[in-house]
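Reading through the structure tokens given below for one structure.
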């Protein structure tokens, strides 16, 4: 379970007039560390590397506005009514077709369920698969949003150390093959959040081989697959495990996060259960936005749009890396991302990320300490830096200030 | 638990190449009966009383289109970005102000969380409150959507017989006060789904008195409070139990269901937990739609719009009741709704609703057997009829045919 203090609220014994009988699953849920930090860092004068927002300048507002007008003009009444749980069929078909075209994956529109961003996929997956105490293998460091949502299903997390090429194979095999194994393995093979690491082709195959034939289901979160700077797709692990994997995706990073549109692809029997869970959760995802997205994708050149995002993020990542190379003292290490939105920084031993966070904030720079990405403690000397939401000039300025803070704190 | 056969899929032992290790909570989840029936009844030649759709003719498409244009023109980039979990503040303030104005409820915008329709409120409530085995009091018959979503948290349902004035007080007191009592009571005091019954003022006060001081939390689902035909609001039960109740609402019936916007109001400590669960579930609700709704509510005359909906539904309900009075044989009984969207029909003993369903479908009329609204079996001679989605002429025609079927089957 998540190694975190129980909050008084969660125990129902806070400073209230009455103690509420919260469910057991709430007692061990981590309070959102990011939430609290982001509240501090939202001021415009702060250079923030703490969040995980796409660059708003790269949202095609005019294109989406036109798509919305078209939907309202041509089929507004239907777009505003209740709709099917599975989602708007032409949107599901677009997703299936794009998997075929870009990744060579043989996925039918019937294998695609539209969700509220890919975050909801994780909730539905947890709901249909995780019993209390089930072992869940997850990367170390792991995606905080996954840790939060899975925690509510009371699993036992089994973290797998993430190296430069992917999960440590010996540790992974030990978790998946020993004892009861693991109910699922959750991973982000492309530009992982928080580390920015992309699994090598060899690691993908090796991990799939370890999983194959066990009872473990792979949950492959591909939020950043379209944002590989080189524009070359890696092999999705689903290709090796078609019947033993669930693949999630999102329009948040390539279209617009505020529309909350993601999807999950799963084998038919798993899909049947996901649809039951989705219907119980909220009947269906926002139909108006599904229609606007589908219309937009008919008209827009998505490939060209994604190339623009990739080029911009590559430039922003380069600015960050260059500034770090120029300013960071010896003993500080960082990943060099091939895509996505994050750089992962490891400070010298004994240099607490929380002190760097506090010191940087005094210089109007926000960073995210890596601690909440560790389900078993650790990471006290790590930071996650986001480069996608800040323009290059401010990235350089922000990293200069951060480097100064680290130089003064970590000798 | 729900009295239903376990489906082979849910058991993970279907005709698959591999059995998937689904969580225990999925084993007892009822397959959506409505889902299956609605698939049959979606054809345009069918007169359908089976669904629960608002009348699409009463959606203000032009007003919402203009609001969307305004949002895209004035603040599109922000409306398409990630946003706060709690929801767009001006929309939350609108909801709080309207509670003050219409119901005299003292609710702050901070007490309001925006959700994906009110269905998601029930999922979040289940998540933060229900442990497996917890007793959940629910009306008998009860709202199917609530039964489905709560089932996933593995409660023990304690149904409370619903009479013409509200829940049976003796039965209710016995459940709430005896033994461990009940974790929560879920009810729809205004124009209940499926029965169409509205609790009397006396029943509201009596139920609140029974709950007060126990550990039971009231979950008051007010999807239809704005749709009382007389335009006069009833006292919300939350007024009697401000710190011991959760109130849910929805824009689906007064604006547009496809935008999936609902909300939940709760005491602060419960709200803290709802926000944690909401963030884990899907970060936040569709922000674009929240902005469009908020803009629409600035410009539109919502009260006038709701008066139009009430007048239309009243006329549609009258058509249904008149046609039933004219055509139904002796021994058939029905509720006379003061609002909402449903009429509840009780057939003579020994006249199975499933036979009526099948017979009516042959005459191109779809009805919904009441069985899935009973968590403990029963209801085999009941039907739910929806009047909101069908125009008056077709209502009369449909009820004539349905009466003929019942006359021939139930002598």
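Would you confirm whether or not segment B:205-213 contains a residue that is at the interface with chain A (Cβ under 10 Å from one of its Cβ atoms) and either within 26 Å of residue A:118 (Cα to Cα) or in contact (Cβ under 8 Å) with a residue 12 or more places away in the chain (or both)? No, every residue in segment B:205-213 fails to be at the interface with chain A (Cβ under 10 Å from one of its Cβ atoms) and either within 26 Å of residue A:118 (Cα to Cα) or in contact (Cβ under 8 Å) with a residue 12 or more places away in the chain (or both). Could you pull out the residue among B:130, B:147 that is within 8 Å of another protein chain (Cβ to nearest Cβ) and either under 17 Å from the mean Cα position of the chain (by Cα) or at negative phi (or both)? Within the list B:130, B:147, the selection yields B:130. Taking the conditions (1) free of Cβ contacts under 8 Å to residues at least 60 places away in the same chain; (2) touching a strand residue (DSSP E or B) at 6+ places or on another chain (Cβ under 9 Å); (3) within 7 Å of chain B (Cβ to nearest Cβ) in turn, residue A:241 satisfies each one other than (3).
Under the condition of being on the phi > 0 side of the Ramachandran plot, touching a helix residue (DSSP H, G or I) at 6+ places or on another chain (Cβ under 8 Å) and surrounded by fewer than 21 Cβ atoms within 10 Å (Cβ to Cβ), the residues counted in segment B:155-207 number 1. Here is the figure for segment B:390-408: residues that are out of contact with any strand residue (DSSP E or B) (no Cβ under 7 Å at 6 or more places or on another chain) and farther than 19 Å from residue B:331 by Cα total 5. Please pick out the residue among A:273, A:290 that is under 26 Å from residue B:85 (Cβ atoms) and assigned by TED's automatic domain parsing to the domain that holds residue A:190. Answer to the selection: A:290. For segment A:239-283, residues that are more than 21 Å from the chain's Cα centre (by Cα) and on the phi > 0 side of the Ramachandran plot total 1. With the checklist (1) within 14 Å of chain A (Cβ to nearest Cβ); (2) in contact with a strand residue (DSSP E or B) (Cβ under 8 Å, 6 or more places away or on another chain); (3) farther than 20 Å from residue B:264 by Cα in hand, flag the one item residue B:120 doesn't pass. Residue B:120 satisfies all of (1) within 14 Å of chain A (Cβ to nearest Cβ); (2) in contact with a strand residue (DSSP E or B) (Cβ under 8 Å, 6 or more places away or on another chain); (3) farther than 20 Å from residue B:264 by Cα except (3). When residues in segment B:152-186 are screened for being at pLDDT 95 or above and not in a loop (DSSP other than H, G, I, E, B), 21 of them pass.
Among the residues that make up segment A:224-234, is at least one of them in a strand (DSSP E or B) and touching a residue at least 24 places away in the same chain (Cβ under 8 Å)? Lay out the reasoning, then the answer.
From segment A:224-234, those in a strand (DSSP E or B) are A:228; that's our starting set.
Filter once more, so that each one left must be touching a residue at least 24 places away in the same chain (Cβ under 8 Å): A:228.
The answer is yes, given that some residue of segment A:224-234 is in a strand (DSSP E or B) and touching a residue at least 24 places away in the same chain (Cβ under 8 Å).
Highlighted here are the helices (runs of 4 or more DSSP H) found entirely within segment B:244-336 that include at least 2 residues which are out of contact with any strand residue (DSSP E or B) (no Cβ under 8 Å at 6 or more places or on another chain), within 14 Å of chain A (Cβ to nearest Cβ) and crowded, with 24+ Cβ neighbours inside 10 Å: B:268-282, B:287-299.
For the residues B:131, B:123, the requirement of being in the same structural domain as residue B:196 (by TED's automatic domain parsing), at pLDDT 95 or above, within 17 Å of residue B:27 (Cα to Cα) and touching a helix residue (DSSP H, G or I) at 6+ places or on another chain (Cβ under 6 Å) singles out B:131. All of (1) more than 17 Å from residue A:218 (Cβ to Cβ); (2) touching a residue at least 24 places away in the same chain (Cβ under 8 Å); (3) surrounded by fewer than 21 Cβ atoms within 10 Å (Cβ to Cβ) hold for residue A:103 with one exception: (1). Scanning segment B:358-370 for residues that are surrounded by 22 or more Cβ atoms within 10 Å (Cβ to Cβ) and assigned to a helix (DSSP H, G or I) turns up just one, B:360.
The values are calculated or read from the model by the stated rules, or taken from the named source; none is laboratory data. Remember, predicted model here, so these are calculated numbers, not experimental data. Note that each Cβ is placed from the backbone with ideal geometry, even for glycine, and that neighbours are counted across all protein chains shown.
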